[in-house]
Amino acid sequence: MQRIEINEALKKVKHPQKVVVAFVQVDKDRYNPITLEWFMKTSIDPVMFAISIGHTRFSHKCLQENRVFNLCFPTLAQVEFVRISGTKSGSEIDKMHFIEGKWFKGRYAGLPILKDAAANLECEVITQVQSGDHTIFVGKVKYAWLGDAPPLTVAELF
Ligand SMILES: Cc1cc2nc3c(=O)[nH]c(=O)nc-3n(C[C@H](O)[C@H](O)[C@H](O)COP(=O)(O)O)c2cc1C
């Protein structure tokens, strides 16, 4: 056991993780997807999920204004969309363009439900916590949708 630089230690302990795309609301009938690795289940009853969003992200502004998100678990078939959603900003391009005809409006707040995803969880933001250069938004799951294929992992993304 030896003391090393923090980020070096984190690289070593990183295990296969799922990756999600959160859909947030820009304004009426406009949505933005953001790829996320930092998310977790935080409550059993009610079921709640937390997502950690960098302050500089366009999605951060959206979540401050519109307190809803859809936590979408994509599959290998959607890997290109996941890459784009994790490298391009909604402040520059409309990322919804890449999934035209592949989604429908959800039941809770009308956020996009990706048709061929492994799962979609429609969430209402209940609270938020500052965490360094990110904000943790905690969402209560209102409705769940399930597909057939298994969820994508971070390892499959690169
Ligand atoms: C695999 C992967 C995981 C990511 N995880 C997060 C995350 O957990 N939180 C975050 O704020 N950004 C994360 N990002 C970066 C955002 O997805 C990226 O900055 C995105 O372009 C922001 O989009 P927006 O400006 O439209 O919100 C991740 C990117 C990738 C490729």
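The values are calculated or read from the model by the stated rules, or taken from the named source; none is laboratory data. It should be emphasised that the depicted structure is a prediction, and the values quoted were computed from it without experimental measurement. All Cβ positions, glycine included, derive from the backbone under ideal geometry; neighbour counts span all protein chains shown. Just so you know, the surface numbers come from the protein's heavy atoms only, side chains and all, with ligands and any DNA or RNA stripped out. Shrake-Rupley method; radii C 1.70, N 1.55, O 1.52, S 1.80 Å.
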Can you tell me how many residues in the range 122-158 are touching a strand residue (DSSP E or B) at 6+ places or on another chain (Cβ under 7 Å), within 16 Å of the ligand (Cβ to nearest atom) and assigned to a strand (DSSP E or B)?
12
State whether one or more residues within the range 93-111 are in contact with a Gly (Cβ under 6 Å, 6 or more places away or on another chain) and open to solvent by less than 50 Å² (accessible area, probe 1.4 Å).
no
Looking at residue 10, is it in contact (Cβ under 8 Å) with a residue 24 or more places away in the chain and within 14 Å of the ligand (Cβ to nearest atom)?
no
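If only one of 19, 26 is of a type in the set (Val, Ile, Thr), modelled with pLDDT of 95 or more, crowded, with 17+ Cβ neighbours inside 10 Å and more than 18 Å from residue 146 (Cα to Cα), which one is it? Don't jump to the end; show me each part of the working.
Working: 19 fails: more than 18 Å from residue 146 (Cα to Cα).
Residue meeting the stated conditions: 26.
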Looking across the range 48-92 at residues that are near the ligand (Cβ under 7 Å from one of its atoms) and open to solvent by 30 Å² or more (accessible area, probe 1.4 Å), the single one that is farthest from the chain's Cα centre (by Cα) is 91
Selection from the range 119-149 of residues touching a helix residue (DSSP H, G or I) at 6+ places or on another chain (Cβ under 9 Å) and closer than 23 Å to residue 44 by Cβ yields 125, 128, 137
